[in-house]
Amino acid sequence: MSTTPESTTASPHPASTGTSAAREGARWAVVTGASSGIGAATARALAAAGFHVVMGARRVARLEQLAEEIGGTAVELDVTDAASVAAFVERVPECHVLVNNAGGAKGVAPVTAADEADWRWMWETNVLGTLRLTKSLLPKLVASGNGHVVTVTSVAALETYDNGSGYTSAKHAQAALHRTLRGEHLGEPVRFTEVAPGLVETEFSEVRFSGDTERAAAVYRGLTPLTAEDVADVISFAVTRPAHVDLDQIVLKPRDQASATRAHRES
Ligand code: NAP
């Protein structure tokens with residue numbers, strides 16, 4: 001089995017809203033949450049590696065711009081909505097790689113002050129979103145003969161921290177779902193890779209703090225965080241290994257971060 005997804009080059013080609021612009025023989029990758037941050041960088045990296053990328057998110061104008069740049073397919077997707085997921089999956093004729101990336105955090109609060117709407121958002125997006133996409137696309141991933149599910153969890157899937165239980169519990173649950181699949185599909189031609197990043201500078205903290213850019217910037221102050229491209233590079237590496245190699249779990253953090261709660265910062 002080749003380690004490269006296809007034999008043709010990954011030169012830019014026209015944006016597509018369907019299958020017509022997919023390159024002959026290209027392997028298909030689906031990236032959720034591709035309108036920003038890690039998802040957008042992953043769509044670019046996978047296109048550069050030769051995949052035809054189907055990108056999903058709610059902000060479809062951003063996806064269309066990216067599709068024009070990399071020659072992929074832009075499709076509106078709300079992972080919290082079963083009907084939206086069903087319509088999205090209809091637009092994916094074949095699937096070799098699924099990157100469950102859509103997700104994020106809302107708010108920080110101790111358990112005693114937990115906001116149920118924030119919890120619901122985090123569980124619906126990170127956990128049930130991953131469930132819906134994975135469940136819908138696994139038959140196509142297996143049928144491809146060399147499928148690969150990458151789920152972007154977090155160091156918050158490995159540790160808990162004060163005031164973060166809505167997010168840490170959602171990421172733990174998302175990771176438990178993902179890791180379970182590894183056993184349930186043993187013997188089938190599909191790989192499962194969990195990617196658990198530490199601090200990555202994206203729109204993540206702006207979303208968490210409801211658009212408070214000053215508060216969001218403080219999260220990354222005094223250290224060099226990972227970039228979305230750093231994470232995308234790792235995802236691209238994982239999915240271009242030979243078919244018998246499964247990078248089960250990859251934890252990546254900035255050099256200055258030792259754990260979810262411990263980082264070295266220059267004042
Ligand atoms: P980001 O820049 O905020 O990107 C989040 C993406 O998720 C956006 O494209 C957003 O698109 C999409 N999304 C949110 N809700 C959605 C929904 N209901 N349906 C479809 N798409 C949805 O943040 P990011 O850092 O790249 O986050 C990507 C993943 O990495 C998340 O799972 C996050 O938990 C994880 N992560 C991030 C960090 C970090 O420090 N940044 C660390 C560890 C793990 P729309 O708003 O357009 O729908």
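Find how much the distance from Ala114 to His244 grows on full extension, using 0.36 nm per residue of separation minus their present alpha carbon separation; answer in nm with one decimal. List each step's numbers first, then the result.
Details: separation 130, 0.36 × 130 = 46.80 nm, distance 4.36 nm.
Once the chain is fully extended between Ala114 and His244, it gains 42.4 nm.
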Just to make sure I understand: if all protein chains stay in place, what is the order of Thr180, Thr261 by accessible area at 1.4 Å, largest first? Thr261, Thr180
Roughly how far apart, in whole Å, are the Cα centres of segment 179-241 and segment 27-60? 14
Accessible area (Å², per residue) of the chain, counting only protein heavy atoms and a probe of 1.4 Å: 45
Roughly speaking, what is the stretch gain from Thr224 to Asp212, that is 0.36 nm per residue apart minus the C-alpha to C-alpha distance, in nm to one decimal? 2.3 nm
Solvent-accessible area of Met122 with every protein chain in place, 1.4 Å probe, in Å² to the nearest 10: 10
Could you give each residue of segment 139-155 its phi-based ³J(HN,Hα) in whole Hz, using Karplus coefficients 6.51, -1.76, 1.60 with θ = phi - 60°, and x for Gly or Pro? x, 6, 5, 5, 5, 5, x, 7, x, 8, 10, 10, 10, 8, 9, 4, 4
Taking θ as phi - 60°, what are the ³J(HN,Hα) couplings along segment 76-91 by the Karplus curve (6.51, -1.76, 1.60), each to the nearest whole Hz, with x for Gly and Pro? 4, 8, 10, 5, 7, 10, 4, 5, 5, 5, 4, 5, 5, 4, 4, 8
What translational D, rounded to a whole number of µm²/s, comes out for segment 63-147 from Stokes-Einstein when the hydrodynamic radius is the Kirkwood one over Cα pairs, at 25 °C and 0.890 mPa s? 169
What is the set of long-range amide H partners of Arg58 at a cut-off below 5 Å, with H atoms built 1.01 Å from backbone N? Leu77
In percent, what relative contact order does the chain have, based on Cα pairs under 8 Å that are 6 or more apart in sequence? 19
Test item: Cα-centred dipole of the chain, Lys/Arg +1 and Asp/Glu -1 on Cβ, debye: 340
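Could you tell me what fraction of 2.2 N^0.38 Å the Cα radius of gyration of segment 28-252 comes to, as a two-decimal ratio? Spell out each step's value before the answer.
Numbers: Rg = 16.5 Å, N = 225, 2.2 N^0.38 = 17.2 Å.
Rg over 2.2 N^0.38 Å, computed on Cα atoms: 0.96.
Counting only helical runs of four or more DSSP H residues, what would the 222 nm mean residue ellipticity of the chain come to if each run contributes -39,500 (n - 2.57) and the total is spread over all its residues?
Working: 9 runs with 97 residues, N = 267.
My calculation for the chain gives -11000 deg cm²/dmol from helical runs alone.
Please work out the FRET efficiency for the pair Glu159 and Glu94, using the Cβ-Cβ distance as r and a Förster radius of 41 Å; give the result to the nearest 0.05. Don't jump to the answer; show the numbers that get you there.
On the way: r = 37 Å, r/R0 = 0.91.
After rounding, the FRET efficiency stands at 0.65.
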If you roll a 1.4 Å probe over the chain with all protein chains in place, what percent of the accessible area is carbon or sulfur? 52
Long-range amide H partners of Gln249 with built H, under 5 Å: Glu194
Excluding same-chain residues fewer than 8 positions from Lys253, which lysines have a Cα within less than 18 Å of its Cα? Lys171
Mark the label point 7 Å from the Cα of Val142 along Cα→Cβ and return the residues of segment 183-197 whose backbone N is within less than 15 Å of it. 183-192
Amide H neighbours of Arg191 under 5 Å, at least 5 residues apart or on other chains, H built in the peptide plane: list them. Gly147, His148, Val149
Using the Karplus curve 6.51 cos²θ - 1.76 cosθ + 1.60 with θ = phi - 60°, what ³J(HN,Hα) values do you get for each residue of segment 205-213, in whole Hz, with x for Gly and Pro? 6, 5, 5, 4, 9, 6, x, 6, 5
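The values are calculated or read from the model by the stated rules, or taken from the named source; none is laboratory data. Everything quoted here is computed from the prediction, not taken from an experiment. Glycine also receives a Cβ, built like all others from the backbone with ideal geometry; neighbour counts cover every protein chain displayed. With ligands, DNA and RNA removed, areas are computed over all heavy atoms of the protein, side chains included. Shrake-Rupley method; radii C 1.70, N 1.55, O 1.52, S 1.80 Å.
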